[in-house]
1. For the range 254-315, what class follows from the C-alpha gyration tensor (a ≥ b ≥ c being the square roots of its eigenvalues): rounded when a/c is under 1.5, otherwise prolate if a/b is larger than b/c, else oblate?
2. Longer than 24 Å from Cα to Cα, which of Lys160/Lys579; Lys160/Lys461; Lys57/Lys106; Lys335/Lys455; Lys160/Lys643; Lys545/Lys622 are they? Say none if no pair is.
3. Just read off the accessible area of Arg614 with the full protein assembly in place, 1.4 Å probe, to the nearest 10 Å².
4. Using the alpha-carbon centroid of each, what span in Å lies between the range 390-456 and the range 182-201?
5. Just how large is the dipole of the range 78-227 about the Cα centre, in debye to the nearest 20, putting +1 at every Lys and Arg Cβ and -1 at every Asp and Glu Cβ?
6. Go through (1) 60; (2) 52; (3) 66 and flag the label whose value is the computed percent of Cα pairs over 34 Å apart for this structure.
7. With the full set of protein chains in place, find how many percent of the accessible area of the range 75-183 is carbon and sulfur; take the probe as 1.4 Å.
8. If you take the charge dipole of the range 203-311 about its Cα centre, with +1 on Lys and Arg Cβ and -1 on Asp and Glu Cβ, which of Gly204, Ser250, Asn283 is farthest toward its positive end?
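The values are calculated or read from the model by the stated rules, or taken from the named source; none is laboratory data. Since the model is a prediction, treat every value here as computed from it, not as a measurement. Every residue, glycine among them, receives a Cβ derived from its backbone with ideal geometry; neighbour counts consider all protein chains shown. Each accessible area value is taken on the protein alone, full model and side chains, heavy atoms only, with ligands, DNA and RNA left out. Shrake-Rupley method; radii C 1.70, N 1.55, O 1.52, S 1.80 Å.
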Amino acid sequence: MKAILSLLFIFSTFISLSQPEPEERYYFHTNIEDGELLTVSKNAYGTVLVTNLNNTKETEIYAQYKVFDFGRAFPTTNNELLKNVYTIVTNKVELLGALQYNFPEKYTRIDQFYPDEKPFYPNDYGSTSPTENLGTENPLYDLDQINAPKAWGITRGSKKVIIGISDAKIDSTNADMKGRVSNYLTYSNANVGMNCAHGTNIAGIAIASMDNAYGRPGICPECDVIAIRYGSFKYVEDLVAAGAKVINTSWVFCNMGPYHENIEARINELYDDGILIVAAAGNGKGCNGDDYAPDDYVYPASYEKVISVTGVFSIYDTEEEYIFTGKEGKKATHKLKDRHLREYGFNEDGSIYPKYTKWGMQRNNAVDICAPAETYLLGSHICYGENKVGGATSAAAPYVTGVIGLIWSENYCLSSYEVESILKLSSEEIENLPGNERFKTQLGSGRVDAYRAVKMARETKELFGNVEISGRDFYRFNFKLENAPHTITISNQTFRDSSSVDFKARNAILLKPNTVLRPTTKDTAIKLSIDPNLPTAECFPSPPKEYDRIYKEKRPRNNTNSSNNTSKAKKEFKVTYNKNTKSVVLNPPTNKRKDKGKYKVQVLSSNGKIIGSRSFTFPGEKKLPIGTSSSRIITVKIIFNGKTEKHILKI
């Protein structure tokens with residue numbers, strides 16, 4: 001019997017080992033001059049052999065790679081421009097690079113495409129889900145509005161992107177928050193009021209767990225998260241020191257106090273260093289004393305290098321879908337999709353106009369972009385035991401924060417300038433919609449579109465990516481793309497008046513019909529350039545830069561009640577990486593724990609995967625082998641004496 005079991009085990013092991021893992025497939029359209037001279041024959045293992053009887057070198061290049069499919073992309077077309085377009089499916093993008101390098105006149109245009117790209121609807125998508133919903137029973141029109149499922153079809157985030165949240169309590173015991181915040185710099189245990197609900201509301205929108213049959217999905221559910229209290233820029237400084245890449249501040253002041261200018265200078269510096277701050281534009285906070293608060297400027301949102309977010313509504317596509325009698329006894333409608341005010345009245349000709357413009361969310365020239373203002377609020381459910389829908393600009397900001405997390409998850413090499421440009425270039429134009437005309441110039445570039453933004457970010461990193469810019473008329477804002485896009489295609493697009501453009505590509509910038517480049521102010525310009533030597537390597541986080549602090553107080557102590565407590569005090573362990581032994585080398589403090597006390601070490605790759613874990617005893621140098629890793633950046637977490645110490649190493 002033992003022999004039979006052994007044979008069965010060996011046989012089943014052989015079967016499992018013999019199953020090949022699915023190979024990566026990359027899909028391209030390319031123009032091939034005289035493509036009919038190439039012959040295609042079936043090969044082994046589902047591949048094809050592409051040969052040119054008149055060119056041995058071309059045949060040899062194809063033979064170096066696996067080609068799964070080759071043929072005309074549009075075999076029945078009468079369009080002369082499409083007759084030379086071919087589809088190539090291969091296991092390596094380098095095939096197309098080799099063909100274009102060796103035959104630049106023959107392979108003249110290469111575009112990568114994604115045939116299997118599908119929206120992802122998690123099982124907690126709400127009642128608007130086209131699939132089974134096990135989460136909140138509330139409809140999440142907001143997620144449909146920003147095309148979140150299509151964005152999640154590309155990425156759901158990466159641990160190398162750290163989102164910082166400066167707000168009230170985030171309930172770490174809730175199923176949607178459990179394990180999401182890796183570092184609470186401060187933690188409040190408020191059980192009532194906004195100090196209980198607000199932080200979890202914001203975190204629920206930006207970073208809640210996804211597909212866990214509970215609550216709601218966050219926009220960037222696989223980004224790393226650190227959290228701290230709110231109400232002062234010193235807390236933003238703490239988040240920066242802890243490694244935050246994008247920081248959400250859903251709170252406002254009329255100014256930032258005696259350090260107002262110092263804070264602006266620091267925000268500019270952070271922006272240049274690749275750290276973005278996203279802020280709520282305000283909910284009608286009056287600062288000017290002029291009896292019209294919504295156009296007043298509040299902070300930090302109104303600083304130039306802060307992404308200021310105001311809100312729009314999400315439910316009804318047309319005004320006829322929901323009509324009621326307003327308090328003046330006249331016909332009204334409300335919560336129209338992409339409209340800035342809640343309620344609208346009807347003119348005699350049937351057109352709509354915004355009501356109660358003296359109240360509502362902030363709108364002014366400092367606003368950069370809009371996002372949904374209402375949604376299911378996870379924190380209200382926890383603190384008040386009710387399924388509450390609400391929000392305003394506090395809720396709008398974390399949508400944009402989450403989308404920025406997705407953008408950097410897809411291409412970490414992008415600068416702050418490029419991320420802001422992608423947000424705006426990909427946004428949905430809304431200021432000319434009926435009912436919004438009064439707010440022209442005050443709603444930023446439009447409403448955020450998560451899918452278009454993430455898709456554009458992906459195209460900037462692909463070896464043969466094509467960043468497509470089309471369909472908008474921009475009369476302001478400065479746009480910059482320079483981080484190695486292969487091709488930029490501009491069509492049916494206008495940049496005019498005080499807008500400026502600075503685009504750089506490795507291969508080509510194509511100006512298609514109906515493209516207008518006409519800035520008119522002395523400080524704006526159009527700059528288009530080609531640099532084939534732009535780097536294409538993947539980028540990874542660097543250790544946080546140390547800035548001279550504006551607020552000189554001690555940084556907040558970590559909450560010892562939090563299981564994810566990570567001290568930002570001076571490190572007690574010395575940690576290095578030995579390339580020869582492929583090991584993390586740990587030297588614990590010599591002045592503590594001279595007994596046989598234990599400490600635990602975890603090593604995580606840039607995508608958050610644990611690649612090494614072991615417990616050691618004090619004292620003495622210890623080594624933790626991690627083997628070969630594709631990550632260039634690793635995080636070493638050391639858990640000892642009730643606290644956690646984090647080290648980020650380049651390997």
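1. oblate
2. Violating the 24 Å limit, Cα to Cα: Lys335/Lys455; Lys545/Lys622.
3. Counting only protein heavy atoms, Arg614 exposes about 110 Å² to solvent.
4. The range 390-456 and the range 182-201 have Cα centres spaced 27 Å from each other.
5. 360 debye
6. Identified label for the calculated read-out: (2).
7. 49 percent
8. In the range 203-311, that residue is Gly204.
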